[in-house]
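Colleague: Before I ask anything, let me first share the structure, which is written out below as structure tokens.
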Amino acid sequence: MPATSSINAPSIYEAEHEDFRQTCRAFIEREITPFHDQWEKDGLVPRAVWKKAGDAGLLCFDVDEEYGGPGIKDFRFNAVFHEELARASASGPGFFVHTDIIVPYISHLGTEEQKQRWLPGTVSGDTITAVAMTEPGAGSDLQGIQTRAVLSEDGSHYILNGSKTFISNGINADLVIVVCKTDPEAGANGISLLVVERGMEGFERGRNLEKVGMKAQDTAELSFTDVRVPVENRLGDEGTGFISLMTLLPQERISVASIAVAAIEAVLEMSLDYARSRTAFGKPIGRNQTMSFDLAEMATEAYIARLFVNDAITQLNAGTADTVLASMAKWWTTELQKKTVDKGVQIHGGYGYMLEYPIAKAFIDSRIQTIYGGTTEIQKLIISRFLNL
């Protein structure tokens, strides 16, 4: 919970996590905050920032030491970095997509040769990653994708054709894990994962898409025209891509939930500060009963969300977090984030609509949270399947 509140949820963090928090905070204050407004105008975070993050030990915590990483299998470190980025309104760097979602595919599914080839660069920040799932005509329904990969006659390459959209880190990415069909007749069992590398002939980047929020994070259209992808770049066995994606989704969704709760707490802090300092009719606006009740509700829900996410992270560390828990955490916290930031804007009044105030940026950045990583509707559908209805 924010320092301005006297109501604090029990912490799951230990001294080493709080020391790491100071490292994250110092890095953000030095390397991100002074430049973020310009990155928003540019629609891109410079690659040099990724390298600085790697040098500071802020990328890919769970990569084993033999591949250049620290080998820290504790998601609390990931969550600390999320919290500090959220509190600084630093939505541009796509570090969480890289560290929490994409690199784990390589760590879990990669061969020894693939790990040796790719992982050191992901840790150092020299190699930026993306995952290409969504297509112009297929979003949450991965079985509806049209991107196709056909094995060459000599069996040495896949010939990849198709297009993807809404790809986070798409402009900067050096490695793109492409979700494609290798057997269109096999349904979910015909989906495979191929790693396309920067410079492969036929791999092209389209527009850097202009979004409502998170404007500094590059989000691109990608196209693949007869791209020859070596068989050695396939992650996992052919036809196991769908299962692999489903297996690793809980961490992705708990990651989004941890970002949501950090954003909720940041918005509560902004709102409390404003309600204490802004006066109307001779007193701070927070002493107005209606507004004080709104803040009481926001504080209560932030507390519940923190307990929920703390439990999800604890279970993730213990290896007991399942699909249902992750879906519950993802949809509920992100919907609460939307609700909380909307109230925060209302509390700020006209100033809440001005982009010079962090609450306005929090408002536009929050909207994507209930969409990416699987929409709220998809999360509820997943949960409902386990209710024996």
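Colleague: Amide H to amide H, which residues 5 or more places from ASP218 or on other chains are under 5 Å from it, using H placed in the peptide plane?
Modeller: VAL45, ASN169
Colleague: Right, another one. For the chain, what is the relative contact order in percent, using Cα pairs closer than 8 Å and at least 6 residues apart in sequence?
Modeller: After rounding, I find 17 percent.
Colleague: Binning at 10 angstrom from zero up to the longest distance, how are the C-alpha pair distances of the range 114-242 distributed in percent?
Modeller: Pair shares across the bins are 13, 44, 34, 8, 0.
Colleague: Which lysines have a Cα lying under 18 Å from the Cα of LYS181, excluding residues fewer than 8 positions away in the same chain?
Modeller: Cα-Cα hits under 18 Å: LYS164.
Colleague: Convex hull volume of the Cα atoms in the range 1-94, per residue, in Å³?
Modeller: 107
Colleague: Once every DSSP H run of n ≥ 4 in the chain is given -39500 (n - 2.57) and the sum is divided by its residues, what mean residue ellipticity at 222 nm do you get, rounded to the nearest 500 deg cm²/dmol?
Modeller: -14500 deg cm²/dmol
Colleague: Also, quick follow-up: In debye to the nearest 20, how big a dipole does the range 237-389 give about its Cα centre with +1 on each Lys and Arg Cβ and -1 on each Asp and Glu Cβ?
Modeller: 560
Colleague: Further question: When you count, for each residue, the other Cβ atoms within 10 Å and take the mean per peptide, how do 236-245, 165-174, 39-48, 279-288 rank with the highest first?
Modeller: My ranking of the peptides, most packed first, is 165-174, 236-245, 39-48, 279-288.
Colleague: Follow-up. What are the membrane-span-like helices in the chain by this rule: whole DSSP H runs, Cα extent along the axis at least 27 Å, mean Kyte-Doolittle hydropathy at least -0.5?
Modeller: Membrane-span-like by this criterion, though nothing is claimed about a membrane: 241-277, 289-318, 323-348.
Colleague: Sticking with this one: Within 10 Å, Cβ to Cβ, of LYS115, how many net charges do the neighbouring residues add up to if Lys/Arg are +1 and Asp/Glu are -1?
Modeller: Here the charged neighbours net out to -3.
Colleague: Work out how far the C-alpha atoms of the range 243-384 reach from end to end along every principal axis, then list the three figures in whole Å, largest first.
Modeller: Cα spread of the range 243-384 along its principal axes, largest to smallest: 60, 25, 24 Å.
Colleague: Tell me whether the chain comes out rounded, prolate or oblate; compute the Cα gyration tensor, take square roots of the eigenvalues as a ≥ b ≥ c, and use a/c under 1.5 as the rounded threshold.
Modeller: It is prolate, given that a/c is not under 1.5 and a/b is the larger ratio.
Colleague: Next question, about the same structure. Normalised by the residues of the range 188-228, what does the relative contact order come to in percent, with Cα pairs under 8 Å and at least six apart?
Modeller: 43
Since every read-out is calculated from the coordinates, none of them should be taken as a lab result. This structure is a prediction, so every number in the text was calculated from the model and none was measured. Note that we place each Cβ from the backbone using ideal geometry, even for glycine, and neighbour counts take in every protein chain shown.
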